[in-house]
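Below you'll find the structure, written out as structure tokens, and then a few comments.
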Amino acid sequence: MTSIVKPRIAHPALPKNELGLTRRQYEGAMSTLCAGCGHDSVTAAIVEACWGLSLRPEQLAKLSGIGCSSKTTAYFVSGAHGFNAVHGRMPSIATGANAANRELCYVGVSGDGDSLSIGLGQLAHAIRRNVNMLYVIENNGVYGLTKGQFSASADVGTKSKRGEANTQPPVDPVLLALTLGATFVARSFSGDKRQLVPLLQAGMRHQGFALIDVLSPCVTFNDHEGSTKSYAFTREHYHAAVEADFIARAREIAVDYAEGESTVVTMHDGSRVRLRKLDPGYDPSDRVAAYDYIERKFADGEYVTGLIHVADGSASELHAANRTTATPLNRVPYERLSPGAAALGKLMARYR
Amino acid sequence: MPATQPAPDRLNDFVIKFANVNGTGSASANTLIMKAIFRSGVPVVGKNYFPSNIQGLPTWYEIRVSADGHQARGGRVDLMLAMNIETYARDVKEVAPGGFLMYDSTWPRSALLERHDITVLGIPLAKLCNENFDGVRNRVLMKNICYAGALAALVDIDLEIVRALVTEQYAKKPKLADANLKAIELGYRYAREYLPCPLPLRVRRLDRTAGHVLIDGNTAAALGCLYAGATVGAWYPITPSTSLMDAFRGFCERYRVDPATGERNFVVLQAEDELAAIGMVVGASWNGARAFTPTSGPGISLMNEFVGLAYYAEVPCVIFDVQRVGPSTGMPTRTQQCDLLLCAYASHGDTRHVLLFPADPGECFTLAVAAFDLAERLQTPVFVLSDLDIGMNDWMVPELAWDDAYRPDRGKVLSAAEVEQLEKFQRYVDRDGDGIPYRTLPGTSPKAAYFTRGSGHNQSGAYTEDSAEYQQVVDRLTRKFATAATLVPKPVLEGPGNRPVGILSLGSCDGPIREALGELARRGYALDYLRVRGFPFGAEVEAFLAGHERVLVIEQNRDAQLKSLLTLETAVPKHKLHSILHYDGLPLTAQFVTDAVVAALGAGGRRAAAAV
């Protein structure tokens, strides 16, 4: 099977963004995932997010590992370079790419197997390094391409399609990211585009590592009764703690909310995220409280979603910490990189 | 003094070995002596035999003084500085008959030191230092400097040179300079008064080190990376390659920081493991930066998966493998050339990689630069296979020099304007017939975008499971490898090239082989010698193999990996090749080469070798 080419016919009345591009120009190849796969909804949300941000397609770099989720980087923004790395190792590719060119917008798409089993180490260290990127985990609790084995995010007691129950405790990427000091941690659901799109936009604009764990049900291997990652179960146990609206730099906030209900966080580029707390008293800037809140809600059988934690990540971001020059390293002229023959001659005195 | 026979005068041709305890600061004293001899205009080479340990284990340092400029390990010891009580027994044994041994005579000499064919010299180092210095650590450190002073007297090194070196080294710490100078004087004066100075082992000023430096291969390779314009380095610490990245970072902090703003034109990433280190290099190179990782055998094992991706997706990357003794953890502080096959065919599936083989620190510098040019020209991983002997020991090489006219070869990279001229950009099409496709960098333009993947892909980079499309790409990779054979550095031939027997070798075997060739010639064996510097092997290697009746392949591993590579990748009939293998973890010696060549050729071989 070769890749499927999508017909590209754009209706003249399609809305255009600030660059004059329609949503169609942010699409990619035809998806080859199962019909109804949550990942396709995430792909659509990414298309919408990039279009809404008026991101120049070539300014995006799409990175992924191996697995169903990792295939999806081919399904959006065909005008951007993509890199399908090896299994679980996308974070190191993203780190190196970002080191070489700090100007692009890096979006990594991974899955629960790719990120929480084989790639757990690389994910953890990319968070520690605070690489400036958006890292999306399409989390379905199951291995799809190899036909239905539990992944490391499967909940205790959740049942496989064949009826066996998982006994090992899950790795929760949100708790992991909070533990490691991530400055942007969110959870969403592939079926909730209204929540997901602004989170993706805010994550792309966040200076530093932004993690969004997206519950994205597998219709083929994990959408049955007894699964805690099915559409039905997720809808029922979904608890939005904080709603986020993304407001692009130049735009005004259209609707006013009563004081105390909303907080506005200004991103590094001047754009803003307005957070509406659905649970009064919840403070998304308090990392410890966020951790505690998630654990308590989980004990009550609820998955907390929304922008769970956000803080200023700009100081510890990889290049800020390194004090890298503003010019992307791949564009620094060679003349500025070579100390020259005279300097080498002088240096040689050290070795005599 | 119980010398049984007068030692022959060994002017500018002898070996000093220091037996120390690691972590006691002996390295600076030993380097001081080596540099002083070097500054006397007499060629030297230093070899460090150290444990995989921080403190308390035996460590040895060997200085070979060689007026003829031989680079190899000497293979004998003329003067032993026995400073480690734990190793006295073996250190005494190692001294050549007629040689000398100096020890700390503060405490009674151990019975173990008895040997009647060597001269034993005692100097009360601890006593001298305890009387003259305060503080336990200081006394230990000064003991080393004190024996350096005594040594200067014994082998007749000009004290002014030693003093100048100390003053330079501690230019910013005058107190330390004073203490060190005092320790030097103590040792020097004691030796002059109580010991038979100078010994027959003497340094006499020559003028054979001008235009040369003493430098290790890792430092030189780091300079190569700096001058090649590398901006991203990623690594996971591993002996014996760590000092390469330490040096690169040091040079960058000196030469790549804007003095006005403090902004840095480099990123050094300490990865969580070698898997991540190579991933970072692949990511950075994909994005158009020159990026590299230094490692050793265990690191290469871990990097295999990504190396295959870089080969198949055609991403440049530069990997330094400073080889150490394997298999597994092996002996991390001993040297070998044991990763040739591992690197040549790294990763699963059909993969073959470009390898470069520096022979000394000078070539670590030039081949590091070549590695970046080749990696970007060929869009593939390039391995620089150094080893611990080259990487971590000080070698005397011509001063590293740079040509300011150099500009990096960035290979076939299309700009947005160039892509605009095309009907369609196709990442993996062979437009020039050399097997090398054109690439674009992320951020160029929507039309220049493509998908980089390790899964089956067609000429456009699109996913494929179509047999014909798959084969089209991998067959082009074969053609690209043939192009590589024409681009890697040419081998170096010694001799007329038409003798019946030839030696073929690589890397750090070079010094011992060249030294042995002289001795072999004196004994009637005339051989050609070809040193390969790159893989895939080019036409010159094929011609050498075809043009000799017998080829002795000398290498430092057990399994004859270079010979295997020759039989796999050239037309040479296997029976023509004879292996000479050295794999005990110590650097090869000329004596070993001479003996092995004589054994291989026999008396008949001498006639055959001399026939032309």
Dipole magnitude (debye, nearest 20) for the protein assembly as shown, charges at Cβ of Lys, Arg, Asp, Glu: 1460 debye
Which of rounded, prolate or oblate describes region B:296-440 when judged by the alpha-carbon gyration tensor and an a/c cut-off of 1.5? oblate
So, R0 is 22 Å and r is the distance between the beta-carbons of A:SER314 and A:GLU103; what FRET efficiency does that work out to, to 0.05? 0.90
Consider a paramagnetic label point 7 Å from the Cα of B:ALA599 along Cα→Cβ; state which residues of region B:365-404 have an amide N under 19 Å from it. none
Can you tell which of A:ASP114, A:ASP213, A:ASP283 shows the greatest fluctuation in a Gaussian network model of chain A with Cα springs below 10 Å? A:ASP283
Of B:SER28, B:PRO97, B:ILE63, farthest towards positive along the dipole that unit charges on Lys, Arg, Asp, Glu beta carbons give region B:10-202: B:SER28
May I ask you to evaluate 6.51 cos²θ - 1.76 cosθ + 1.60, the Karplus curve with θ = phi - 60°, for each residue of region A:270-275 and list the ³J(HN,Hα) values in order in whole Hz, giving x for glycine and proline? x, 6, 10, 10, 9, 9
As a test, work out the antiparallel percent of DSSP beta bridges whose residues both lie in the protein assembly as shown, rounded to the nearest 5. 35 percent
Using the structure shown, list the pairs from A:LYS159/A:LYS229; A:LYS147/A:LYS193; A:LYS346/B:LYS35; A:LYS277/A:LYS297; A:LYS193/A:LYS229 with a Cα-Cα distance above 21 Å, or answer none. A:LYS147/A:LYS193
Using the Cα centre of region B:157-315 as the reference point, and only Cβ charges (+1 on K/R, -1 on D/E), how large is the resulting charge dipole? Debye, rounded to the nearest 20. 880 debye
By counting other Cβ atoms within 10 Å of each Cβ, how are B:ASP404, B:ASP339, A:ASP192 ranked from fewest to most? B:ASP404, A:ASP192, B:ASP339
What does the helix-only formula give at 222 nm for chain B: each DSSP H stretch with n ≥ 4 adding -39500 (n - 2.57), the total divided by the residues, and the result rounded to the nearest 500 deg cm²/dmol? -12500 deg cm²/dmol
Simple spin-label estimate for B:GLU263 and A:LYS147 in nanometres, 7 Å along Cα-Cβ: 5.6 nm
Using the alpha-carbon atoms, what tilt in degrees (0 to 90, nearest 10) does helix A:38-53 show relative to the longest principal axis of chain A? 50 degrees
Antiparallel as a % of all DSSP beta bridges within region A:126-257, to the nearest 5? 15 percent
Shielding score for A:321-333, defined as the mean number of other chain Cβ atoms within 10 Å: 6
For Cα pairs less than 8 Å apart in space and 6+ apart in sequence, what is the mean separation divided by the residue count of chain B, i.e. the relative contact order in percent? 12 percent
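Between B:LEU302 and A:ASP283, what is the FRET efficiency for a Förster distance of 45 Å, r being their Cβ-Cβ separation, to the nearest 0.05?
0.60
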Please compute the modelled spin-label separation between A:HIS224 and A:GLU302, points set 7 Å along Cα→Cβ, answer in nm with one decimal. 3.0 nm
If the cut-off is 16 Å between C-alpha atoms, which lysines fall inside it for B:LYS447, apart from same-chain ones fewer than 8 positions away? A:LYS62, B:LYS424
Ranking of B:ILE436, B:ILE319 by count of other Cβ atoms within 10 Å, fewest first: B:ILE436, B:ILE319
If you take the charge dipole of region B:431-479 about its Cα centre, with +1 on Lys and Arg Cβ and -1 on Asp and Glu Cβ, which of B:PRO442, B:VAL473, B:THR452 is farthest toward its positive end? B:PRO442
Leaving out same-chain residues fewer than 8 places away, which aspartates and glutamates sit with a Cα under 13 Å from that of B:LYS17? B:GLU62, B:ASP78, B:ASP91, B:GLU94
Proxy reagent accessibility, fewest Cβ within 10 Å first, across B:ARG476, B:ARG115: B:ARG115, B:ARG476
To the nearest 10 degrees, how steep is helix B:274-286 against the longest Cα principal axis of chain B, on a 0 to 90 scale? 50 degrees
Expressed as a whole number, the average count of other chain Cβ atoms within 10 Å around the Cβ atoms of B:459-472 is 2
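Rounded if a/c is under 1.5, else prolate if a/b beats b/c, else oblate: with a ≥ b ≥ c from the C-alpha gyration tensor eigenvalues square-rooted, which is region B:366-467?
Working: a/c = 3.31, a/b = 1.93, b/c = 1.71.
Prolate shape, in that a/c is at least 1.5 and a/b is the bigger ratio.
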Relative contact order for region B:492-610 using alpha-carbon pairs under 8 Å, separation at least 6, rounded to a whole percent? 34 percent
Taking a ≥ b ≥ c as the square roots of the Cα gyration tensor eigenvalues, with a/c under 1.5 meaning rounded and otherwise prolate when a/b beats b/c, else oblate, which class fits chain A? rounded
DSSP-defined antiparallel bridges as percent of all bridges, chain A, nearest 5: 35 percent
Mean separation of Cα contacts under 8 Å (6+ apart) over length of region B:290-382, as relative contact order %: 34 percent
Approximate spin-label separation B:LYS490-B:ASP207, in nm, with each point projected 7 Å along Cα-to-Cβ: 3.3 nm
Given H placed on each backbone N at 1.01 Å, which residues far from B:LEU527 in sequence or on other chains put an amide H within less than 5 Å of it? none
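Read the figures in this text as sums done on the coordinates, not as results from a lab. Please read these numbers as outputs of a predicted model, since none were measured by experiment. Positions of Cβ are generated from backbone atoms using ideal geometry, with glycine treated the same way; all protein chains shown enter the neighbour counts.
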